[in-house]
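To start, the structure under review is shown below, and the notes come after it.
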Amino acid sequence: MSGGVDSSVAAAVLLEQGYRVFGVTMLLWPEDIPGAEEGCCGTAHLNDARDVCHRLGIPHYTMDLQKEFLSDVVQPFVATYLDGRTPNPCISCNEHLKFSHLMRKAKGLGADFLATGHYARIMITGGNGTCRLARGVDTSKDQTYFLFTLGQEELSHLLFPLGEMTKDQVRRKAASLGFPVHEKPESQEICFVPPGGLRDFIRENAPDLPGPGEVVDMKGNVIGRHEGACFYTVGQRKGLGIASAQPLYVVRIDADSNTVVMGSHDEASFTGLKASGVSWVADPPSGERFEAQVQIRHRHTPAPSAITVHDDGTISVKFDEPQHGVAPGQAVVVYNGDIVLGGGWITEPLTPGDQ
């Protein structure tokens, strides 16, 4: 329980369904870190979670996962930026913290299931009881993109009580229960980075950060300077500081040479991608090539694509139509309609000459 409206209502719904419930809040970030007081699972949210549990009449526990959060989320987050890629810490936090460390400790307290406030659904199909991960009914709040690493072992011990609810229904439910958090705003996307403070956060956590470097066009001509290649992401347009007659976008980041390559919208659009670290929710799709839809960002409209599964476990994706801003380091999640098949981490975008 993070102290937000979603996890608070999830606990209340489970009680109504007859479950015996206790709340757990992860302590992730030391209080002396700037922004920790109001950050995700900081002391303010911890107090809100305790208050909700008190109102519901259920026990509340705090689990200190600061060490694990630093090693499994924050340090890889910074390292990924320094490598010229764009990380997704929410997925890493789900995989390593919530559904690994937290689940294991919750079971140690006697829990049969771990429940969260994610907008997603779990469906049991087939005679063998295979668990399927499906989008929540509120598609505007669907969070399955962040959950693609879940497999059968995790899903069989998970509950998503809000999967059949909309955000408006959740807030109304919280208000009817008298929860002060019913009007609490959404948490920021990167919970441990102060708003607008990404560059400062990277600087503080990477003392050997490379300095300024060159910005070049697609032909290698120098068109400007940048403050550090790690501060950019493929597909980015705003905040480039380069004067041009046409809009420019980040096409590629070369961390070794500390160079940012920029081009037009079309040049920052790609026909496919390669991904590693691939995991499948259930059995891998049969055959080495199949049709599906993929998301390359949380808010990305699913793109019809052909997916090829290679012998080494990596995948190649060929979009039916070119997609803008295929950023290495981000996740690509594969869907069959509302069902998550699996996903992986983008290693490189592809152009027609690569496929």
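The values are calculated or read from the model by the stated rules, or taken from the named source; none is laboratory data. Predicted, not measured: the structure shown is a model, and the values here were computed from it. A quick note on method: Cβ atoms are made from the backbone with ideal geometry, for glycine too, and the neighbour counts reach across all protein chains shown. Surface areas here come from the heavy atoms of the whole protein model, side chains and all, with no ligands, DNA or RNA. Shrake-Rupley method; radii C 1.70, N 1.55, O 1.52, S 1.80 Å.
Compared with the alpha-carbon gap, the fully stretched path from Asp338 to Glu153 is longer by 64.5 nm at 0.36 nm per residue. Report relative contact order for the chain in percent, whole number only (criteria: Cα-Cα under 8 Å, sequence separation at least 6). Here the relative contact order equals 16 percent.
Only one residue of Ala229, Tyr249, Met165 has its Cα farthest out toward the positive end of the dipole of the chain, where Lys and Arg carry +1 and Asp and Glu -1 on Cβ, and that residue is Met165. Restricting attention to the stretch 261-330, which trypsin sites (Lys or Arg not before Pro) occupy a DSSP loop and are surrounded by at most 14 other Cβ atoms within 10 Å? Those that pass, being in a loop and sparsely packed, are Arg299.
Could you list the trypsin sites (Lys or Arg not before Pro) in the stretch 157-252 that lie in coil according to DSSP, counting only those with at most 11 other Cβ atoms within 10 Å of their Cβ? Sparse-neighbourhood loop trypsin sites (Lys or Arg not before Pro): Lys219, Lys238. Residue order by solvent-accessible surface for Trp29, Trp345 is Trp345, Trp29, largest first, with ligands and nucleic acids left out and a 1.4 Å probe. Over the chain, dividing the summed -39,500 (n - 2.57) contributions of all DSSP H runs of at least 4 residues by the number of residues returns a 222 nm mean residue ellipticity of -5000 deg cm²/dmol.
With each label modelled as a point 7 angstrom along the Cα→C-beta vector, the Ala206-Leu70 pair spans 1.9 nm.
Modelled spin labels at Thr130 and Glu227, positioned 7 Å past Cα toward Cβ, are 4.9 nm from each other. Taking the accessible area of the stretch 1-160, probe 1.4 Å, and keeping the other protein chains in place, the carbon and sulfur fraction comes to 50%. Compared with the alpha-carbon gap, the fully stretched path from Glu291 to Leu198 is longer by 29.8 nm at 0.36 nm per residue. Extension gain, Lys238-Tyr61: 0.36 nm per intervening residue step, less the Cα-Cα distance, totals 59.5 nm.
Just the protein heavy atoms count here, and of the accessible area of the stretch 221-355 at 1.4 Å, carbon and sulfur take up 47 percent. Rounded to the nearest 20, the size of the Cβ-charge dipole of the chain about its Cα centre is 740 debye, with Lys and Arg at +1 and Asp and Glu at -1. What base-10 log of the normalised intensity I(q)/I(0) is obtained for the chain from the Debye formula, alpha carbons as equal point scatterers, at q = 0.11, 0.12 Å⁻¹? For the chain at q = 0.11, 0.12 Å⁻¹, log10 I(q)/I(0) is -0.81, -0.95. Note on exposure: Leu56, Leu155 ranked by accessible area (1.4 Å probe, complete protein assembly) read Leu56, Leu155, with the most exposed listed first. Among the GluC sites (Glu not before Pro) found in the stretch 114-204, those both in a DSSP coil and sparsely packed, with 12 or fewer other Cβ atoms within 10 Å of their Cβ, are Glu186, Glu189.
Note on the chain: dipole from Cβ charges, positive end direction compared against Gly110, Gly84, Ser305; the farthest Cα belongs to Gly110. Run the count for the chain, please: Lys pairs, Cα-Cα under 15 angstrom, 8 or more apart or on different chains. Pairs that pass both the separation and distance tests number 7.
For the chain, the solvent-accessible area works out to 47 Å² per residue, with a probe of 1.4 Å and every protein chain left in place.
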